[in-house]
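All of the numbers you see were taken from the coordinates with simple rules; none came from a lab. This is a predicted model, so every value here is computed, not measured. All Cβ positions, even for glycine, are placed from backbone atoms using ideal geometry, and neighbour counts span all protein chains on display.
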Amino acid sequence: MKKMTKMLSVILTVAMMAAMLVACGSSDSKKSDEKTESTDSKDTIKFGTNAEFPPFEYVTQDGVIGEFDGIDIAIAKDIAEENGMEAQIENMEFDSLIVALQNGQVDAVIAGMTVTDERAEAVDFSTPYYTATQVMVVKDDSDITKASDMEGKKICVIQGYTGETCVKDLGYDYEAFKKGTEAIMELVNDKCDVVVIDSATAQKYVADNDGLKIVEDNDAFDSEEYAIAVQKGNTELLDKINTAIEKLISDGKVSEYAAKYTDADAE
């Protein structure tokens, strides 16, 4: 009888220890899950961009967000911080940005994107934060002084950018490149006569390459506005972005970034 009682006592002790281990394991697992959930739930805004458009976005060794820097990247960081969030950058080809936004791959697009009626059918745009125009970049000795002088010339544009639309609307043939640097190198190496591109980016390329100049034609090229795109109907994020943009504009931060990055050396 004593032997039986002793055996029962051992069995009960083992069972109690097992139960305690299970409880501890459950508690540790719960804590681990809570820790993971806490880490994963940190609010972020994932911005899509095309980092081939200095001074608005480009890749450098020491960027504002990871390896990315520029006017737009600085604005994206400020927008996130104004809302107690963290900004992330997803770099891709310009023509893929709206599709990526619609598919939920990114939350917003900031890429020197011009507001157009066509794009506004696919996305919702924020309050515009920058006004630009298209210009022509040519060699110093070029005889191009206005847009009509491009007729019969070899014209380079960047695929998907407003410059491509403008040249197409003028009815001129052109060659499109995926990167602004590629188009500019065509000009530098005498493989084309003119590059049509946004004014701020043109200023940057002219500053970085000897022998180039900018030609303006306000009669041919209208001013355009850059804005941030979000998914159609995403009013919650759009409101957060708009509130931050309005503050950045009123505080003079956007103008400050424009001046800073136009004078900076983008790598």
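Counting neighbouring Cβ atoms within 10 Å and putting the fewest first, the residues Val167, Val64 line up as Val64, Val167. When the listed pairs Lys179/Lys253; Lys77/Lys178; Lys153/Lys191; Lys46/Lys232; Lys178/Lys213; Lys77/Lys179 are checked against a 18 Å cut-off, the alpha-carbon distance exceeds it for Lys179/Lys253; Lys77/Lys178; Lys178/Lys213; Lys77/Lys179. Were the residues from Ala259 through Lys191 laid out at 0.36 nm apart, the gain over their Cα-Cα distance would be 21.3 nm.
So if the hydrodynamic radius of the range 87-155 is defined as the Kirkwood radius over C-alpha pairs, what does Stokes-Einstein give as its diffusion coefficient at 25 °C and 0.890 mPa s, in µm² per second? Result for D is 161 µm²/s.
The orientation-averaged shadow of the Cα convex hull for the range 133-223, equal to a quarter of the hull surface, comes to 4.9 nm².
Between amide H atoms placed 1.01 Å from N, distances below 5 Å from Tyr130 occur with Tyr226, all of them 5 or more places distant or on a separate chain.
If each of Asp251 and Asp95 carries a label point 7 Å out from its Cα toward its Cβ, how far apart are those two points in nm? Computed distance between label sites Asp251 and Asp95 equals 3.8 nm.
For the range 97-197, applying the loop criterion from DSSP together with a ceiling of 13 other beta carbons within 10 Å to the GluC sites (Glu not before Pro) yields Glu121, Glu151.
Between the alpha-carbon centres of the range 108-123 and the range 77-96 there is a gap of 15 Å.
When you filter the trypsin sites (Lys or Arg not before Pro) in the range 34-129 for DSSP loop state and at most 12 other Cβ atoms inside 10 Å of their Cβ, you are left with Lys42.
For a Förster distance of 25 Å, can you work out the FRET efficiency between the beta-carbons of Gln159 and Ser223, rounded to the nearest 0.05? Taking R0 as 25 Å, the efficiency between Gln159 and Ser223 is 0.70.
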